[in-house]
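The values are calculated or read from the model by the stated rules, or taken from the named source; none is laboratory data. Quick caveat: nothing in here was measured; it's all calculated off a predicted structure. Cβ placement follows ideal geometry from the backbone for every residue including glycine, while neighbour counts extend to all protein chains displayed.
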Amino acid sequence: MDFQLTPRQIECRELARAFATDELAPGYRQREAQGFIEPEIRLAMGDLGLIAPEVPIELGGRGLDRLTAGIIAEEIAGGDFSASYVLTVGSLVGQILADHAPADVAADWVPKICRGEEIVGLGLSEPHAGSDVGMARLRACRDGNGWVLSGAKSLSFCLEASAVVVCARTTDTDARGKDMSAFLVPLDLPGISREPYPDMGSKAVQRGAAHMENVRIPGRYLIGAHGNGFSQVMQGFDFSRALIGLQCVGLAQVTLDETWRYVTDRIAFDQPISKNQGVSFPLAEAETLLAAARLLCYQTLWLKDAGLPHTSQAAMCKW
């Protein structure tokens, strides 16, 4: 077992860390207050190859391993947690389209995601059900060579996304997770309205709902096999759980580093307060927990890169 990062991984880590420190951290409070991430930020991350770097080169990515994608997400989150969602959503949706969309659809949309030109959201949950994504009410009915969708989906980047990948029922069944297909839905089509949610935090991520009323899409926007889209989309979540875990680790590490600096500089009773065990011991414990969480996320991504089972590890990452 080799715990040494490759020269390429170290290069990507340093590139992402420099961008997070110089470009993201100074403006993260402003982005949270304004409620969106400037397109210039997305374009800059895309220009550096930080968005969906694991996507094949021919589709606009860098053809890197998933572990490197996680290392990049960890560093970007240290500068702006909300901005790191551009990477996570881009990786998850980019891989779904690259693996399951018709070739012409993938060639049209995936490079735009990697370049930061467009955000394609992922709409699995619905306002009525929350995380119970298998109980979708969004319906898709055949209409000649196309489909007509009616219902609602929740997603991040609700106001900025140009399109969304959704799972919809294609029969009258209400069985959990059954007869559900995946579709790419451009969000500028007639019959679509957007509803932002009044979030308590991470407002720059713009969580909200896309409401669809008799929205017509072409047949080529069916993603994957008819009736099997739900299971195909869900396969990508083992990957995204590790990425989200590293987002949290990256932000927590910055907070912990700032705390160490403070308790080292803060003098009370003629000595730094870090000399007090009641101060230093909890921080040492936090370092231990973060190191364990990071290694678990890294292991999950390494297993995915190796083509090995990693669902259990991904679930532990989520916890």
**Test set (1) at pLDDT below 95; (2) more than 30 Å from Ile96 (Cα to Cα); (3) crowded, with 16+ Cβ neighbours inside 10 Å - Ser280 fails condition number** = (1)
**Request:** Starting from residues that are part of a helix (DSSP H, G or I) and without any contact (Cβ under 8 Å) to a residue 12 or more places away in the chain, keep the ones in the range 298-319 and report whichever is surrounded by the fewest Cβ atoms within 10 Å (Cβ to Cβ).
**Result:** Ser312
**Asked** Are any of the residues in the range 260-280 of a type in the set (Ser, Thr, Tyr), in a helix (DSSP H, G or I), within 25 Å of Thr68 (Cα to Cα) and in contact with a Ser or Thr (Cβ under 9 Å, 6 or more places away or on another chain)?
**Response** no
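Going residue by residue through the range 123-139, is there one that turns out to be among the charged types (D, E, K, R), crowded, with 16+ Cβ neighbours inside 10 Å, part of a loop (DSSP other than H, G, I, E, B) and at pLDDT 90 or above?
So far as the range 123-139 goes, no, none of its residues is among the charged types (D, E, K, R), crowded, with 16+ Cβ neighbours inside 10 Å, part of a loop (DSSP other than H, G, I, E, B) and at pLDDT 90 or above.
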**Prompt:** Would it be correct to say that Leu295 is buried (at least 18 other Cβ atoms within 10 Å of the Cβ), out of contact with any strand residue (DSSP E or B) (no Cβ under 9 Å at 6 or more places or on another chain) and either touching a residue at least 60 places away in the same chain (Cβ under 8 Å) or in a helix (DSSP H, G or I) (or both)?
**Reply:** no
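Restricting attention to the range 259-292, which residues are without any contact (Cβ under 8 Å) to a residue 40 or more places away in the chain and aliphatic (A, V, I, L, M)? Before the answer, list the steps.
The initial filter retains those residues of the range 259-292 that are without any contact (Cβ under 8 Å) to a residue 40 or more places away in the chain, namely 259-289, 291-292.
Matches in the range 259-292: Val263, Ile267, Ala268, Ile273, Val279, Leu283, Ala284, Ala286, Leu289, Ala291, Ala292.
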**Asked** Among the residues of the range 168-181, is there at least one that is in contact with a helix residue (DSSP H, G or I) (Cβ under 7 Å, 6 or more places away or on another chain), buried (at least 18 other Cβ atoms within 10 Å of the Cβ) and either at pLDDT below 95 or more than 14 Å from Leu122 (Cα to Cα) (or both)?
**Response** yes
**Filter result for Leu87 (aliphatic (A, V, I, L, M) and modelled with pLDDT of 95 or more)** = yes
**Request:** Answer yes or no as to whether Gly79 is within 17 Å of the chain's Cα centre (by Cα), at positive phi and not basic (Lys, Arg).
**Result:** no
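Okay, residues lined up against (1) assigned to a loop (DSSP other than H, G, I, E, B); (2) touching a residue at least 24 places away in the same chain (Cβ under 8 Å); (3) more than 21 Å from Ile76 (Cβ to Cβ):
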| residue | (1), (2), (3) |
| --- | --- |
| Asp199 | yes, no, no |
| Gln232 | no, yes, yes |
| Ala242 | no, yes, no |
| Ala252 | no, yes, no |
